[in-house]
Every structure is written in structure tokens, then in C-alpha cells.
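K.L.:
I am attaching a structure below and will ask some questions about it afterwards.
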Amino acid sequence: MMSMGILNLETKGMTTMTNTTVAPAQTTTTTWNIDPAHTAAEFKVKHMMIANVKGHFSRVSGVLIRDESDPANDRIEATIEAASIQTRDEQRDAHLKSADFFHVEKFPTLHFKSTGINIAGEGELSVEGSLGEHADWGLGEHQDQSQGLRFDVERCSRDRRNSGG
């Protein structure tokens, strides 16, 4: 129990001093497993400053931990199999898996941990976090791979009737 101090109550011109206690707020968290069969980590990057290359990692697993009383405390932790990268070009995919970029033989998984989740719009979230330290990824040997990243996430309905399987 947490003491909230003295509460002054006035009744018919008389002041009554009452000591009150209030139970601390209950925090309800729910853990949701990321469903690998229905999840992909998609990306879009500039190529040669003239075109966008879109792709995805098809093997993603992890958890979403929801704080029902304060969504600011929600967090996501995910593991992505680096070798599951697909950009619709086998030669490019092989190059991305090589030591020039992801070096999947040495770093088979990417580990994402959120540092903040914000509502970005109706049904949309902005998730900030880090992938941690990994291979050079072709970004320069002195670039900090643990720097913050931001992802846009589409929030799905909790209505199980629309789950579709």
C-alpha cells in the first residue's frame, strides 16, 4: 500500500483530517508472439541515388510486450535470419549475404530491440530501436551499427474473427 498523506474533508462546517492509503496501480502486460508465418521485415533503400530497391527478410520471430495501462512502455524484441533476405534478384541477394554486407556466415541473425513505440497515425506505429553491433554491412568500418533505427509498423486488428488463418 502506498500512503497518499492527509486528506482534508469538510462536513457541515467541520474539518475532519483523514489519513488515506491507495494501492499502487496494477500494471497489466500481455506478451504476443510474432507469428513467423504472417510476418516479414520489409525495407526500401536507395540504389545509386536514382532507384529504390525493395526487399524483405522472410524469417522473423520475436515478441511484442504490451503494457495495457501505458502504451509508452510497450516493447518489441525480434530476431531476423539474415540469410532470409530477398530482393527479387538472386545475384544481389548473394552479394548482400556476403562479407561485403551482412556476412551471414559470421552473423546469421539480426537482433532488434525497441527503445520506443509511438502512435504515428490511425493504425500506424513508429518503432525506434537498435539492431546491435554486427558486421560492417558495407557502410564503412567506423560506422556504429547499433545506432537508432525507426520502423513504420502497421497495427493489425485484435478482432480474431478477421484473422483469416
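The values are calculated or read from the model by the stated rules, or taken from the named source; none is laboratory data. Keep in mind the model is a prediction, meaning the values are calculated, not measured. For neighbour counting, all protein chains shown are included, and Cβ atoms are generated from backbone atoms with ideal geometry for every residue, glycine included.
K.L.:
Could you identify the single residue in ILE80, ILE50, ILE34, ILE85 that is touching a residue at least 40 places away in the same chain (Cβ under 8 Å) and of a type in the set (A, V, I, L, M)?
P.N.:
Just a single option satisfies the conditions, and that option is ILE34.
K.L.:
Would you confirm whether or not region 102-121 contains a residue that is modelled with pLDDT under 65, within 19 Å of ALA41 (Cβ to Cβ) and among the charged types (D, E, K, R)?
P.N.:
no
K.L.:
State yes or no: is ARG88 surrounded by 15 or more Cβ atoms within 10 Å (Cβ to Cβ) and of a type outside the set (A, V, I, L, M)?
P.N.:
No; evaluated as a whole, the condition is false for this residue.
K.L.:
So which residues in region 57-82 are assigned to a helix (DSSP H, G or I) and either touching a helix residue (DSSP H, G or I) at 6+ places or on another chain (Cβ under 6 Å) or surrounded by 17 or more Cβ atoms within 10 Å (Cβ to Cβ) (or both), if there are any at all?
P.N.:
ALA82 - this is the single residue of region 57-82 that is assigned to a helix (DSSP H, G or I) and either touching a helix residue (DSSP H, G or I) at 6+ places or on another chain (Cβ under 6 Å) or surrounded by 17 or more Cβ atoms within 10 Å (Cβ to Cβ) (or both).
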